[in-house]
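Let me begin by presenting the structure, written as structure tokens, before commenting on it.
The values are calculated or read from the model by the stated rules, or taken from the named source; none is laboratory data. None of these values were measured; they are calculated from a predicted model. Note that each Cβ is placed from the backbone with ideal geometry, even for glycine, and that neighbours are counted across all protein chains shown. Only protein heavy atoms, including side chains, enter the accessible area calculation; ligands, DNA and RNA are left aside. Shrake-Rupley method; radii C 1.70, N 1.55, O 1.52, S 1.80 Å.
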Amino acid sequence: MFIFLICALPLLSIYLFRKKTQQNTQPRFYLLFSSCGFMVAALLCTYYSLFSFSTAISTASFLQAFMYILIRKILLPQLLCSVVIYFLLTIPIKNKIELYLPFFLAFYAVYVPYDVIMVAEIFSFYQLFCKPLVYGLMILCCYTLLTTLYKRQESGDVKRALPKIVVLFVLSVIFPALIEALWIENILHIGWAVVFAGYIIFSVMLFLQSKTNEMV
């Protein structure tokens, strides 16, 4: 029952690792930051287990659920870990962006199964299959946008591209919180599934546009 939940993000990370090594990316850095992401998530989950009774959202408000998920599960890990990587590592920005992918894939490969298994009493299709996909798409979208921003900066076209990239970045991190909040509150019953399908379409369009340089 938990096979896809546990294996989806690690398998995605392995696939991207093989792809990056074929592109002459140094594998030791990918493996190192995958290990770092795994350890940070393990420490965070241990902390929650010892000092927090549950990661469940005890609220009847859709807005409160949405903000809780957005801040605690997405923005805090992303911002805090990204700031540490950016300021502590004395390597080119391009390399720092490359490290985003292995770190956060490993982080959410631990955190998402923990969040599902520790909270749920009855496991749903969303938790077992859709949630790991949602967080995987979020990481890939954010990485794609960071890469595009760097390329635009290198070409001297960052001012024109920045507003659209910021909007797309905000949408990339808002969608996962919105989908989960809709599922938790059971709004319109299949409301979360509609938004989930929209997020898949959004992600595919983002990836295709980044490949053809038509994003901005």
Only unsatisfied item for V84, checking (1) open to solvent by 30 Å² or more (accessible area, probe 1.4 Å); (2) β-branched (V, I, T); (3) closer than 30 Å to I3 by Cβ, is (3)
Whether any residue in the range 186-209 is assigned to a helix (DSSP H, G or I) and under 21 Å from F33 (Cα atoms) is what I want to check.
no
Just need a number here: residues in the range 158-174 that are in contact (Cβ under 8 Å) with a residue 24 or more places away in the chain and open to solvent by 40 Å² or more (accessible area, probe 1.4 Å).
5
The one condition Y143 fails out of (1) aromatic (F, W, Y); (2) in contact (Cβ under 8 Å) with a residue 60 or more places away in the chain; (3) in a helix (DSSP H, G or I) is (2)
Of these, I179, I187, which one is surrounded by 16 or more Cβ atoms within 10 Å (Cβ to Cβ) and either touching a Lys or Arg at 6+ places or on another chain (Cβ under 6 Å) or not acidic (D, E) (or both)?
I179
Name the residues in the range 141-157 that are within 16 Å of the chain's Cα centre (by Cα) and open to solvent by less than 40 Å² (accessible area, probe 1.4 Å), would you?
C141, C142, Y143, T144, L145, T147
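Can you name every residue in the range 105-129 that is among the hydrophobic types (A, V, I, L, M, F, W, C) and crowded, with 18+ Cβ neighbours inside 10 Å?
At the first step, the residues of the range 105-129 found to be among the hydrophobic types (A, V, I, L, M, F, W, C) are 105-107, 109-110, 112, 116-120, 122-123, 125, 128-129.
Those that are among the hydrophobic types (A, V, I, L, M, F, W, C) and crowded, with 18+ Cβ neighbours inside 10 Å: L105, A106, F107, A109, V110, V112, V116, L128.
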Of everything in the range 23-40, what is at pLDDT below 90 and open to solvent by 50 Å² or more (accessible area, probe 1.4 Å)? Give them in sequence order.
Q23, N24, Q26, P27, R28, F29, L31, L32
Could you tell me how many of the residues in the range 41-81 are of a type in the set (K, R) and either surrounded by fewer than 17 Cβ atoms within 10 Å (Cβ to Cβ) or at pLDDT below 80 (or both)?
1
